[in-house]
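Student: Can you read through this structure? Questions will come right after.
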Amino acid sequence: MRFPTLLSFLMLAFSLAACGNSSTAEVGGPATGANPAGGPVAAGETLVLELTTGTVKIKLRPDLAPQHVARVKQLAGEGFYNGIIFHRVIPGFMAQTGDPTGTGMGGSKYPDLPAEFTPTPFERGTVGAARSSSPNSANSQFFICFTHAPNLNSQYTVWGQVIDGMIAVDKIAKGEPPPKPDKIVKAYIAP
């Protein structure tokens with residue numbers, strides 16, 4: 001097994017922190033119908049993202065991050081995420097969205113959230129709260145991992161897991177920012 005060198009880890013950490021501010025974030029599973037988060041999905045605990053690349057269903061994890069899940073539900077219910085682009089998409093790492101300015105520096109009108117770190121690993125399809133270098137700076141931005149990212153474990157809040165539609169996530173245009181960014185057409189909580 002290959003472990004990242006200290007230098008590569010520090011470069012990644014700097015890259016993640018350098019693009020954010022106190023109210024934003026930069027970050028950085030089998031998700032083909034199976035439920036890698038385990039167990040059935042309760043009613044009202046699935047976030048649906050209709051992307052320009054297809055539909056993605058995310059099992060929300062209030063058992064891991066109740067405040068983050070409550071914020072995502074609130075913002076989705078208000079239509080906040082509708083039309084927002086994926087502004088930072090790194091091949092082999094993650095796709096980031098949730099900034100209404102599209103720059104990676106914006107957030108919602110609500111206060112930042114305290115960290116809800118757990119030992120839950122970042123795997124393919126894991127959804128995490130993007131933040132700046134301050135652990136308590138997550139707001140509205142989030143990212144979806146393309147593959148396992150153990151360097152994020154216990155450093156970022158896990159609030160969801162893709163249970164269907166990773167093929168649509170894989171198709172999101174790459175870049176920082178992408179030349180022609182894909183977007184969330186509509187985000188809502190499934191009944």
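The numbers here are math on the coordinates, done by the rules we state, and not lab data. In this text the structure is predicted, and so the values were computed from the model without any measurement. Counting neighbours? That spans all protein chains shown, and the Cβs are built from the backbone with ideal geometry, glycine included.
Student: Sequence neighbours fewer than 8 away in the same chain don't count; with that in mind, list the lysines whose C-alpha is under 18 Å from LYS174.
Tutor: Reachable lysines: LYS183.
Student: Pull out a ≥ b ≥ c, the square roots of the eigenvalues of the alpha-carbon gyration tensor of segment 74-127, then state rounded if a/c is under 1.5, prolate if not and a/b is larger than b/c, and oblate in the remaining case. Walk me through the intermediate numbers first.
Tutor: Working: a/c = 1.89, a/b = 1.22, b/c = 1.54.
Oblate, since a/c reaches 1.5 and b/c is not below a/b.
Student: Tell me the label-point distance for the pair GLU176, ALA43, using the 7 Å Cα-to-Cβ offset, in nm and rounded to one decimal.
Tutor: Those two pseudo-labels are separated by 4.4 nm.
Student: Once fully extended, how much extra length lies between ILE167 and THR118, figured as 0.36 nm per residue of separation less the alpha-carbon to alpha-carbon distance?
Tutor: Values: separation 49, 0.36 × 49 = 17.64 nm, distance 2.69 nm.
That pair, ILE167 and THR118, stretches by 15.0 nm at full extension.
Student: Between SER133 and ALA70, what's the calculated FRET efficiency when r is the beta-carbon distance and R0 is 35 Å? Round to 0.05. Show your work: numbers first, answer last.
Tutor: Values: r = 24 Å, r/R0 = 0.69.
Calculated value: 0.90.
Student: What lysines does LYS180 reach when the alpha-carbon gap must be under 22 Å and sequence neighbours fewer than 8 apart in one chain are set aside?
Tutor: LYS171
Student: Quick one: Cα centre-to-centre distance for segment 117-146 and segment 61-87, in angstrom?
Tutor: So the separation of the two Cα centres works out to 12 Å.
Student: Something else now. What's the exposure ranking of PHE146, PHE117, going from fewest to most Cβ atoms within 10 Å? Provide the component values of the computation, followed by the final result.
Tutor: On the way: PHE146 21, PHE117 16.
Final ranking by Cβ density, sparse to dense: PHE117, PHE146.
Student: Run the quick spin-label model on ASN82 and THR147: label points 7 Å from Cα toward the beta carbon, then report their separation in nm to one decimal.
Tutor: Result: 3.7 nm between the two label points.
Student: Here's something else I'd like to know. Sorted from fewest to most neighbouring beta carbons within 10 Å, what does the list LYS59, LYS180 look like? Present the calculation step by step, with values, prior to reporting the outcome.
Tutor: Values: LYS59 23, LYS180 9.
Lowest count first: LYS180, LYS59.
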